[in-house]
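The values are calculated or read from the model by the stated rules, or taken from the named source; none is laboratory data. Given the structure is predicted, the values throughout are model-derived calculations rather than measurements. Cβ sites come from the backbone with ideal geometry, for glycine too, and all protein chains shown count toward neighbours. Ligands, DNA and RNA are stripped out before the accessible areas are found, and what is left, the full protein with its side chains, is counted by its heavy atoms. Shrake-Rupley method; radii C 1.70, N 1.55, O 1.52, S 1.80 Å.
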Amino acid sequence: DIWDPERLLQCPYNKHHHIRACRFPYHLVKCKRSYPQLAKKLATCPFNAKHLVLQAELSDHIMKCNNKQLTKQDTGKR
């Protein structure tokens, strides 16, 4: 369930970090400081700030992002 606050999410800075969804935003701030070189290479999805992808892959991510569909449904646009 994507809305389950207890589900585990993989950290984009360290693939060995698996964090509960409810703590994920706090973890991202902490790991961003711990991995500054990688942080410079990542871009934030405009539909979900929890989605961090390599800058070169951002446009592809935007096209496929599930949250893009949720945004369209919320606004009534197609």
Can you name the residue in the stretch 47-57 that is over 18 Å from residue 14 (Cβ atoms) and either in contact with a strand residue (DSSP E or B) (Cβ under 6 Å, 6 or more places away or on another chain) or at pLDDT below 95 (or both) and, of all such residues, is most open to solvent (accessible area, probe 1.4 Å)?
55
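Every residue, every condition in (1) part of a strand (DSSP E or B); (2) among the β-branched types (Val, Ile, Thr); (3) out of contact with any Phe, Trp or Tyr (no Cβ under 8 Å at 6 or more places or on another chain); (4) open to solvent by 60 Å² or more (accessible area, probe 1.4 Å), yes or no:
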site: 25; (1), (2), (3), (4): no, no, yes, no
site: 30; (1), (2), (3), (4): no, no, yes, yes
site: 39; (1), (2), (3), (4): no, no, no, no
site: 43; (1), (2), (3), (4): yes, no, yes, no
(1) closer than 22 Å to residue 2 by Cβ; (2) at pLDDT 95 or above: which one isn't true of residue 30, the others all being true?
(1)
Out of the residues in the stretch 1-23 that are part of a helix (DSSP H, G or I) and out of contact with any Lys or Arg (no Cβ under 7 Å at 6 or more places or on another chain), state the one that is most open to solvent (accessible area, probe 1.4 Å).
23
Is there a residue being among the charged types (D, E, K, R), assigned to a helix (DSSP H, G or I), surrounded by 13 or more Cβ atoms within 10 Å (Cβ to Cβ) and modelled with pLDDT under 95 anywhere in the stretch 58-77?
yes
